[in-house]
Amino acid sequence: MAIALKRASKAGISLPTKCKPIVALHGDTRDLIHELPDDTFQCVVTSPPYWGVRDYGIENQIGAEPDLYQYIGHLVEVFREVRRVLKADGTFWLNIGNTYSSGGRKWRDSDDKNKGRAMSYRPPTPPGLKKKDLIGVAWLLALECQKDGWYLRNDIIWNKPNCQPESVKDRLTVAHEYLFMFSKSERYYFDQDAIKESTTNGNGLKNKRTVWSINTEPCPEAHFAVFPKALIRPCILAGSRADDVVLDPFYGAGTVGIVTKELGRRCVGIELNDEYLDIADRRSEIVQVALIPEV
């Protein structure tokens, strides 16, 4: 059974059903998320635009703010709404990467090996930082979310064995990003058994660790890597039950929706870029429900 994707607008938002398990909303998540009802989603999994990395050519987009703390403030506001629409026993999984201060350099040129570089965006160095500083955006954002009311439960290292090579000569190549696990309440739904790993000797199971080695997944249509399914799957397995509704407020190419359907859940995605929603449509058409989900 292929995934059915339903487009919606602010004028008529409806939740997904078994017949139409994915609802994709086209617009700015800062506007559309206000239209979603309270206490609706069991789990939220998302990867917002990273600060100062790409300019998608859309006015007032998140990620292209001239000021770092304005970017963090915008996301904290979105995630405050996420907390409103999340069920009391729900969890929120946030993938975010760090970036370096550009020292005032602007646009990067494209090249044959990485066409996505043409979209790369470099804002000014934030106040208090120096040229070449590691900014630490991921932790700045996580701690602000914690201050805003979220329970910060885990910082998971996404180790990328096939990370993009870097030509730097005075530091190590960055091969990881963060996946933060938040909860709305002190007690929440978490299915530890659903994501347990085999022990070293293979004679039993152990709790999943906080370093996940997962390759990036290219998306030729989008000219850059997308949210890997293997990164999303444990979040949804641990954070939701069959037929629960999952939210991705930065839907992108629709990988969260694909994984939720494979695992027998439903999904609402919000995406500003109409081109990405078209990609999500095409990607979802060929997906079948997995008989035995792999973690």
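Quick note: the coordinates plus some simple rules give every number you see, no bench work behind them. None of these values were measured; they are calculated from a predicted model. Backbone-built Cβ (ideal geometry, glycine too); neighbour counts: all protein chains shown.
Mind checking the full-extension length gain between GLU197 and GLU81? Use 0.36 nm per residue of separation minus the Cα-Cα distance, one decimal, nm.
38.4 nm
Please find the FRET efficiency linking ALA175 to GLU221, where r is the Cβ-Cβ separation and R0 is fixed at 35 Å, and quote it to the nearest 0.05.
On the way: r = 25 Å, r/R0 = 0.72.
For R0 = 35 Å, the calculated efficiency reads 0.90.
With labels modelled as points extended 7 Å from the Cα through the Cβ direction, what inter-label distance (nm, one decimal) is found for LYS206 paired with PHE190?
Simple spin-label model gives 1.8 nm for this pair.
Please work out how much length the chain gains when fully extended from ALA242 to ASP155, using 0.36 nm per residue of separation minus the C-alpha to C-alpha distance, in nm with one decimal. Can you show the working numbers first?
Numbers: separation 87, 0.36 × 87 = 31.32 nm, distance 2.55 nm.
In short, 28.8 nm is gained.
Show me 27-40, 202-215 ranked by packing, highest mean number of other Cβ atoms within 10 Å first.
Ranking the peptides 27-40, 202-215 by packing returns 27-40, 202-215.
Run the numbers for ASP274 and ASN162: contour at 0.36 nm per residue of separation, minus the present Cα-Cα distance, in nm. Display every interim value, and only then the final one.
Working: separation 112, 0.36 × 112 = 40.32 nm, distance 2.91 nm.
Result: 37.4 nm gained on full extension.
Which net charge results for the neighbourhood of TRP212, defined as the other residues with beta-carbon distances under 13 angstrom from its beta-carbon, given Lys and Arg at +1 and Asp and Glu at -1?
Neighbourhood net charge equals +2.
Using a/c under 1.5 as the rounded threshold, could you call region 5-285 rounded, prolate or oblate? The axes a ≥ b ≥ c are square roots of the C-alpha gyration tensor eigenvalues, and prolate needs a/b larger than b/c, oblate otherwise.
rounded
Here are some pairs, LYS18/LYS229; LYS208/LYS261; LYS132/LYS184; LYS87/LYS206; LYS18/LYS160; which of them have Cα atoms lying more than 25 Å apart in this structure?
Check vs 25 Å cut-off fails for LYS132/LYS184; LYS87/LYS206; LYS18/LYS160.
Region 126-172: which trypsin sites (Lys or Arg not before Pro) are DSSP loop and have at most 13 other beta-carbon atoms within 10 angstrom?
Sites meeting the loop and neighbour criteria: LYS130, LYS131, LYS132, LYS169, ARG171.
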